[in-house]
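Encoded as structure tokens, the structure appears first; notes follow it.
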Amino acid sequence: MKKLGMGMMRLPLLDPNDPRSIDFEQVCQMVDHFLSEGFTYFDTAYMYHDYQSEHVVKKALVSRHPRESFLLASKLPCSFLKEEGDQERIFAEQLEKCGVDYFDYYLLHSLHAGNYPTAEKFDSFAFVSRLKAEGKVRKMGFSFHDSAEMLDRILTEHPEVDFVQIQLNYLDLDNPRIQSRACHEVCVKHGKPIIVMEPVKGGLLANLSQNARELLLAKNPDQSVASWAVRYAAGCENVFMVLSGMSNMAQLLDNMSYMKDFSPLTDSELAVLPEVVKAIYADIAVDCTACRYCVEGCPQKIEIPKYFALYNEAKHGGSLEEAKATYRALTEDHGKASDCIRCGKCQKICPQHIRIVEALRKVAELFEA
């Protein structure tokens, strides 16, 4: 099995402001080409693309290709569990939406200290184990966004899982909020195969500052900037799959070009990364990956990831006036950064553990002055 998986969460859009406006024709072309080059793994989830991703999987993949020609993963949204029967209802809905009788990989979605008690309350691990025994799930696991200590606790209490999905990239190895290195070491200690998410950190490691980019290009001018991040993750111990949310055919072609016959980073290439990390942190203001988990529950309808992207651009070389103009246009239909009521819903769900409330205050200071 080739190590590159297609993440169905940053699909091409016809309208960049509407996550439901998926460019279905381009997705089909991407799926077809991906499969034709020997790649087989597809990853979706219940809420991706405003609950449309699983529908797209059915239309673009399942309805157009033999079931045995691909591997499909989806996830149980533990934060959505409110009462008995929710797990059964959601799983049945997912099978129907995807048009399949089983999932090759099925995960408890985004476990952390806040929702792990919910998974325990509803006995979610046992639920997925039963699905596995019934043949409706082939492999069971969970995706994770929290401390290494919390990950160690979950794996100690639930050794029955077949794999773990963690965020692992060269920028977050020693990030105290993400703890990529420590979480990776916990998975290895427990002997669990690893799926990597956010290897390019939501595109951040594909769109580097000039200083960081030049360090990589000086070492290997023939490889894309994104390739360094994906190859780094794929070369880590116990990693058997690296997910990439590809937003157009060009990104797909680039990823496949170096993952079709994968080779990990060499020692000399690895030696460059610490300097690259220093250069990135010197230029980044808010390390948001634009996953948009924070947007749905915002009572003020604030376009948090888009404001952070504008803020990063304006703080590090971009035109402040152009950023302000784009900001004003966005706030015509959405809440301003200063409209934040500090309820904290966004911070509780943020996989990057960003202090969003404080960051929005800085956005307001820059764009609303």
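The values are calculated or read from the model by the stated rules, or taken from the named source; none is laboratory data. In this text, all values refer to a predicted model and were calculated from it rather than measured experimentally. Cβ placement follows ideal geometry from the backbone for every residue including glycine, while neighbour counts extend to all protein chains displayed. Protein only, heavy atoms only, side chains kept; ligands, DNA and RNA dropped before computing areas. Shrake-Rupley method; radii C 1.70, N 1.55, O 1.52, S 1.80 Å.
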Go through region 246-271 and give me each residue that's closer than 21 Å to HIS184 by Cα and in a loop (DSSP other than H, G, I, E, B). PHE262, SER263, PRO264, LEU265, THR266, ALA271
Going through region 116-126 one residue at a time, which ones are open to solvent by 10 Å² or more (accessible area, probe 1.4 Å) and either under 27 Å from GLU68 (Cα atoms) or not in a helix (DSSP H, G or I) (or both)? PHE122, ASP123, ALA126
State which residue is most open to solvent (accessible area, probe 1.4 Å) when the search covers only region 160-194 and only residues that are part of a loop (DSSP other than H, G, I, E, B), in contact with a strand residue (DSSP E or B) (Cβ under 9 Å, 6 or more places away or on another chain) and closer than 19 Å to ALA234 by Cβ. PRO193
Could you please tell me which pairs satisfy a Cβ distance under 6 Å, a separation of 6+ or placement on different chains, a first residue in region 238-249 that is farther than 12 Å from MET1 by Cβ and in contact (Cβ under 8 Å) with a residue 60 or more places away in the chain, and a second residue that is among the acidic types (Asp, Glu) and open to solvent by less than 10 Å² (accessible area, probe 1.4 Å)? LEU243/ASP43
With the requirement that a residue be under 21 Å from the mean Cα position of the chain (by Cα) and open to solvent by 30 Å² or more (accessible area, probe 1.4 Å), what does region 292-318 give you? ARG292, TYR293, GLU296, GLY297, LYS306, ALA309, ASN312
Can you tell me which residue in region 348-364 is most open to solvent (accessible area, probe 1.4 Å), limited to those that are in contact (Cβ under 8 Å) with a residue 40 or more places away in the chain and either in contact with a strand residue (DSSP E or B) (Cβ under 8 Å, 6 or more places away or on another chain) or part of a helix (DSSP H, G or I) (or both)? LYS348
Does ALA285 satisfy being open to solvent by less than 60 Å² (accessible area, probe 1.4 Å), among the hydrophobic types (A, V, I, L, M, F, W, C) and not in a loop (DSSP other than H, G, I, E, B)? no
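Results for (1) touching a residue at least 12 places away in the same chain (Cβ under 8 Å); (2) within 13 Å of CYS78 (Cα to Cα); (3) not basic (Lys, Arg), shown as yes or no for each residue.
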| site | (1), (2), (3) |
| --- | --- |
| ALA113 | yes, yes, yes |
| LEU131 | yes, no, yes |
| GLU134 | no, no, yes |
| VAL137 | yes, no, yes |
| MET150 | yes, no, yes |
| ILE154 | yes, no, yes |
| GLN167 | yes, no, yes |
| LEU171 | yes, no, yes |
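Check whether at least one residue in region 319-341 is in a loop (DSSP other than H, G, I, E, B), within 22 Å of the chain's Cα centre (by Cα) and either at pLDDT below 90 or not polar (S, T, N, Q) (or both), and report yes or no. Walk me through how you get there before you give the answer.
First, pick out the residues of region 319-341 that are in a loop (DSSP other than H, G, I, E, B): 319, 331-334, 336, 340-341.
Those left that are additionally within 22 Å of the chain's Cα centre (by Cα): none.
No.
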Looking at region 38-65, which of the residues that are within 16 Å of LEU4 (Cβ to Cβ) and either more than 21 Å from the chain's Cα centre (by Cα) or of a type in the set (Phe, Trp, Tyr) (or both) is most open to solvent (accessible area, probe 1.4 Å)? GLY38
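Between LYS132, LYS139, which is open to solvent by 20 Å² or more (accessible area, probe 1.4 Å) and either modelled with pLDDT under 95 or part of a helix (DSSP H, G or I) (or both)? Reasoning before the result, please.
On the way: LYS139 fails: either modelled with pLDDT under 95 or part of a helix (DSSP H, G or I) (or both).
After ruling out the rest, the residue left standing is LYS132.
Conditions tested, residue by residue: (1) surrounded by fewer than 22 Cβ atoms within 10 Å (Cβ to Cβ); (2) touching a helix residue (DSSP H, G or I) at 6+ places or on another chain (Cβ under 6 Å).
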residue: PRO199; (1), (2): no, yes
residue: LEU204; (1), (2): yes, no
residue: GLN210; (1), (2): yes, no
residue: ASN220; (1), (2): yes, no
residue: VAL230; (1), (2): no, no
residue: GLY235; (1), (2): yes, no
residue: MET246; (1), (2): no, yes
Show the residue pairs meeting these rules: Cβ distance below 8 Å; 6+ apart or different chains; first residue within region 76-98 and in a helix (DSSP H, G or I); second residue basic (Lys, Arg) and open to solvent by 20 Å² or more (accessible area, probe 1.4 Å). PHE91/LYS136; LEU95/LYS136; LYS97/LYS58; CYS98/LYS58
For region 282-304, indicate whether the set of residues that are without any contact (Cβ under 8 Å) to a residue 24 or more places away in the chain and closer than 25 Å to SER227 by Cα is non-empty. no
Can you tell me which residue among LEU72, LEU35 is buried (at least 19 other Cβ atoms within 10 Å of the Cβ) and either of a type in the set (A, V, I, L, M, F, W, C) or over 26 Å from ASP261 (Cα atoms) (or both)? LEU72
